Each structure stands twice: as structure tokens, then as C-alpha cells.
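Notes for the one structure printed next.
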Amino acid sequence: MSDETSIDAPETAPVEVPALDRRLLEELEPEAGRLLDRHLKVTQEWFPHDFIPYRLGRDFDKDPWSPDQPRLTGVAQTAFEVGLLTEDNLPSYHRLIHGMFGKGDGAWLNWVGRWTAEEGRHAIVLRDYLVVTRNFDPTLLERGRMAQLQKGYDHDMPDTLHGLAYVAFQELATRISHRNTGRYSEDPVADRIMVRIAADENLHMVFYRDILKAAIALEPSAAVRAIVDEVLKFEMPGAGIQNFMRKAADIAKAGIYDLRVHRDEVLLPVLKFWGIFELQGLDAAAEDARRRLAEHLEKLDVAANKFEAKVRANEARALAAG
Ligand SMILES: [Fe+2]
Ligand SMILES: [Fe+2]
């Protein structure tokens with residue numbers, strides 16, 4: 001291929017799979033198959049077009065979008081924007097998760113395919129809703145999507161235990177933030193969409209949570225170390241979105257997703273399900289990690305109390321100012 005017009009495919013280095021990952025993926029494959037079958041039995045088929053009020057649709061060339069059109073409030077708009085841009089980044093997540101599981105047997109690959117297809121629906125229904133209802137500037141949405149996808153989601157390739165721990169927390173975090181966004185929006189159409197998406201995220205969380213439970217039984221110390229690592233450095237998948245810090249702060253102030261929600265509704269229930277603090281016979285490094293985890297949860301509690309007090313004080317000030 002020395003023809004001037006040809007483009008050489010980039011050389012890809014063979015992926016080196018660590019021995020522990022290879023063994024875990026192999027040993028957990030029957031459980032992945034069982035959990036995938038369970039998922040397929042309980043999940044319900046649904047269609048984005050059933051959730052969109054198309055009667056509200058108007059052509060943008062005749063009637064361009066303008067800022068007075070949205071009926072959602074500022075924070076609800078922000079939460080929808082962040083929710084959609086997060087879902088938009090699916091190609092990056094697929095690449096990572098496929099890389100993590102793709103070396104395994106059929107059940108892992110089938111799960112990744114199924115999960116990706118279901119996630120794709122979330123961006124479709126959110127975009128259709130925002131565009132048809134004019135609740136968000138469609139030009140900004142598209143520019144945001146372009147920026148987000150070109151940036152990608154460039155995390156280090158996680159090993160199996162770190163990857164499973166992250167996605168278990170992340171799916172639950174996404175479920176709760178979508179659900180609370182719907183409730184906060186006070187729009188029955190938006191709420192119905194978010195209830196539907198949150199039900200999917202819940203089933204995703206349950207798959208990852210349960211497969212990691214099986215991994216803990218096989219490799220308790222390595223699993224605890226991985227879980228603690230992921231709790232300590234947890235970041236929402238939308239962290240790469242432009243102005244994410246400001247947007248996340250607004251979303252937290254509105255109570256849609258804040259430290260209290262993160263600690264009490266995401267971290268604690270999953271850690272309890274895994275029985276992290278009851279595990280026996282851990283090695284010294286895992287014991288140390290568990291101690292750091294307890295300290296971290298304590299610090300989060302203090303920080304969440306402080307944040308809540310600040311929000312309450314601001315609300316009282318705003319009320320007094322009339
Ligand atoms: Fe999703
Ligand atoms: Fe999900």
C-alpha cells in the first residue's frame with residue numbers, strides 16, 4: 001500500500017490482558033450469561049416515538065428557536081442538557097467497555113452489545129423531546145454533542161474489577177439523576193421519559209452490581225481495593241462537558257444530584273449489597289483500603305451536611321429578600 005492516495009490503517013498493538021482479568025472473565029462468564037438471560041427476561045421493549053408530543057412540533061426554518069420558547073426552568077434545562085450530552089458520548093463508553101469485556105466469551109460480548117443498544121435509545125428520546133418541545137436550543141445541543149464526542153471519554157483502560165465497580169456506581173448515579181431531573185422538571189412528558197430511562201439504568205446497575213458480587217467471592221481483596229479506588233476518584237461520566245463544574249453545581253443546588261444523594265443513595269446501598277464492611281480474611285492492602293473508604297464516607301457526610309446548610313441558608317435569604 002504505497003499508493004499516495006491510500007491511507008494506512010494505524011498500527012494497533014496487541015492488547016495485553018493481565019492474567020487476573022483473563023481468569024476472572026473466564027470464571028465469571030457463566031454468571032454473566034445467567035445475568036444477561038435474567039436481564040432479557042425482565043426488560044421491556046419501548047419506543048422513543050411513543051414518548052414524544054409530536055403535535056407540538058414546528059419547522060425551525062419558518063419559526064426559529066428563541067430563548068422565550070422553553071417551558072422548562074433554567075436548572076431543569078441544564079439537567080436535561082447534561083443528561084443528554086452524557087448519553088451522547090456512548091461511542092466512547094462502548095469502546096472502553098468492549099475493550100474491558102470484549103476478550104471474554106459470548107456472554108460478555110452479548111451483554112456489551114445489548115447494553116449499548118439500550119443506551120443508544122436514551123440519547124434518541126432525550127434529543128427528540130428537547131427539539132420537538134423547544135425546551136433547549138437545538139443548535140447549542142448539536143454543537144455540544146460535536147464537542148463532547150470529539151473530546152471523547154478518555155479514561156485509562158480499566159481492568160475488570162475497577163471497570164465493574166465504576167459502572168455499577170455510575171449506572172445507579174445516572175438512574176437517580178435522570179429520575180430526579182424528571183421530577184424536578186414538573187413536566188409530565190419529561191417525567192415519563194425519565195422514569196422510563198431510569199428503569200433501564202436500574203437494570204444496568206443490577207447487572208454490574210451482581211456480577212461484581214460474584215467477582216468479590218472469587219477475589220475479595222483485589223475487588224475491595226478496586227471498589228475503594230473507584231469510590232475515591234468517582235466522577236460522573238459527563239465530567240468532560242464544557243462548563244461541567246458550573247452545571248453540576250446548579251444541579252446540586254437544585255437537589256437533583258448532590259453529595260448527599262451521591263453518598264446515601266448511590267455509594268451506601270451498593271457497598272452494603274456487596275457487604276464490603278463485613279468481608280473477612282482480606283489482605284493488608286484491602287484492609288487499609290477499607291479503612292480509607294470508611295474515612296471517605298465520613299468526610300462526605302460532613303461535606304454534605306455543610307452543603308445542605310449552605311443551600312438552606314441561601315433559600316432563607318432569598319425568601320427574606322422577597
Ligand atoms: Fe443511559
Ligand atoms: Fe445505563
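The values are calculated or read from the model by the stated rules, or taken from the named source; none is laboratory data. Because the structure is predicted, anything quoted here is derived from the model rather than measured. As a convention, Cβ positions derive from the backbone with ideal geometry for all residues, glycine included, and neighbour counts pool all protein chains shown. Note: areas computed on protein heavy atoms with side chains; ligands, DNA, RNA excluded. Shrake-Rupley method; radii C 1.70, N 1.55, O 1.52, S 1.80 Å.
All conditions but one from (1) within 16 Å of ligand 2 (Cβ to nearest atom); (2) closer than 25 Å to Phe234 by Cα apply to Ile124; the one that does not is (2).
Of the residues that sit in segment 68-104 and are acidic (Asp, Glu) and in a helix (DSSP H, G or I), which one is nearest to ligand 2 (Cβ to nearest atom)? If we take residues in segment 68-104 being acidic (Asp, Glu) and in a helix (DSSP H, G or I), then Glu87 is nearest to ligand 2 (Cβ to nearest atom). Only a single criterion out of (1) surrounded by 19 or more Cβ atoms within 10 Å (Cβ to Cβ); (2) within 14 Å of ligand 2 (Cβ to nearest atom) is not satisfied by Ala117, namely (1). Which of the residues spanning segment 30-77 are open to solvent by less than 20 Å² (accessible area, probe 1.4 Å) and β-branched (Val, Ile, Thr)? Within segment 30-77, Ile52 is the sole residue that qualifies. Would you be able to tell me the number of residues in segment 210-236 that are within 15 Å of ligand 2 (Cβ to nearest atom) and open to solvent by 10 Å² or more (accessible area, probe 1.4 Å)? The number of residues fulfilling the criteria is 2. Counting only helices (runs of 4 or more DSSP H) that sit wholly inside segment 109-220, those with at least 2 residues that are within 14 Å of ligand 1 (Cβ to nearest atom) and of a type outside the set (A, V, I, L, M, F, W, C) are 160-185, 188-218.
Can you pull out every residue in segment 170-209 that is more than 15 Å from ligand 2 (Cβ to nearest atom) and not β-branched (Val, Ile, Thr)? Can you show your working first?
Narrowing segment 170-209 to residues more than 15 Å from ligand 2 (Cβ to nearest atom): 180, 182-192.
Selection gives Asn180, Gly182, Arg183, Tyr184, Ser185, Glu186, Asp187, Pro188, Ala190, Asp191, Arg192.
Here Leu130 clears all of (1) open to solvent by 10 Å² or more (accessible area, probe 1.4 Å); (2) without any contact (Cβ under 8 Å) to a residue 60 or more places away in the chain except the condition numbered (1). Scanning segment 78-105 for residues that are farther than 21 Å from Asn202 by Cβ and open to solvent by 30 Å² or more (accessible area, probe 1.4 Å) turns up Pro91, Arg95, His98, Lys103, Asp105. Taking into account only those residues within segment 138-162 that are out of contact with any Phe, Trp or Tyr (no Cβ under 7 Å at 6 or more places or on another chain) and modelled with pLDDT under 80, which is surrounded by the fewest Cβ atoms within 10 Å (Cβ to Cβ)? The selected residue is Asp156.
Look at (1) touching a Ser or Thr at 6+ places or on another chain (Cβ under 8 Å); (2) under 30 Å from Val224 (Cα atoms) and you find that Val189 fails only one, number (2). All of (1) touching a helix residue (DSSP H, G or I) at 6+ places or on another chain (Cβ under 9 Å); (2) farther than 22 Å from Val82 by Cβ hold for Ala304 with one exception: (2).
Is it the case, given these coordinates, that Ala107 is under 16 Å from the mean Cα position of the chain (by Cα), more than 16 Å from ligand 2 (Cβ to nearest atom) and small (Gly, Ala, Ser)?
No, not satisfied.
Checking every residue in segment 142-155 against the condition of being of a type in the set (A, V, I, L, M, F, W, C), within 16 Å of ligand 2 (Cβ to nearest atom) and under 16 Å from the mean Cα position of the chain (by Cα) gives zero matches. With the condition kept exactly as written, say whether any residue in segment 250-260 is of a type in the set (Asp, Glu), touching a helix residue (DSSP H, G or I) at 6+ places or on another chain (Cβ under 9 Å), under 20 Å from Leu90 (Cβ atoms) and surrounded by 18 or more Cβ atoms within 10 Å (Cβ to Cβ). Among the residues of segment 250-260, not one is of a type in the set (Asp, Glu), touching a helix residue (DSSP H, G or I) at 6+ places or on another chain (Cβ under 9 Å), under 20 Å from Leu90 (Cβ atoms) and surrounded by 18 or more Cβ atoms within 10 Å (Cβ to Cβ), which makes the answer no. Cβ-Cβ below 8 Å, separation at least six or inter-chain, first residue in segment 193-209 and open to solvent by 30 Å² or more (accessible area, probe 1.4 Å), second aromatic (Phe, Trp, Tyr) and near ligand 1 (Cβ under 9 Å from one of its atoms): which pairs? So the pair list comes out empty.
A quick yes/no check of all residues on (1) among the hydroxyl-bearing types (Ser, Thr, Tyr); (2) at pLDDT below 95:
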position: Pro53; (1), (2): no, no
position: Gly57; (1), (2): no, no
position: Arg71; (1), (2): no, yes
position: Leu85; (1), (2): no, yes
position: Ser92; (1), (2): yes, yes
position: Lys103; (1), (2): no, yes
position: Leu109; (1), (2): no, yes
position: Ala117; (1), (2): no, no
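In this entry, Phe273 passes the filter for residues that are open to solvent by 60 Å² or more (accessible area, probe 1.4 Å), touching a residue at least 60 places away in the same chain (Cβ under 8 Å) and either closer than 17 Å to Phe169 by Cβ or in a helix (DSSP H, G or I) (or both).
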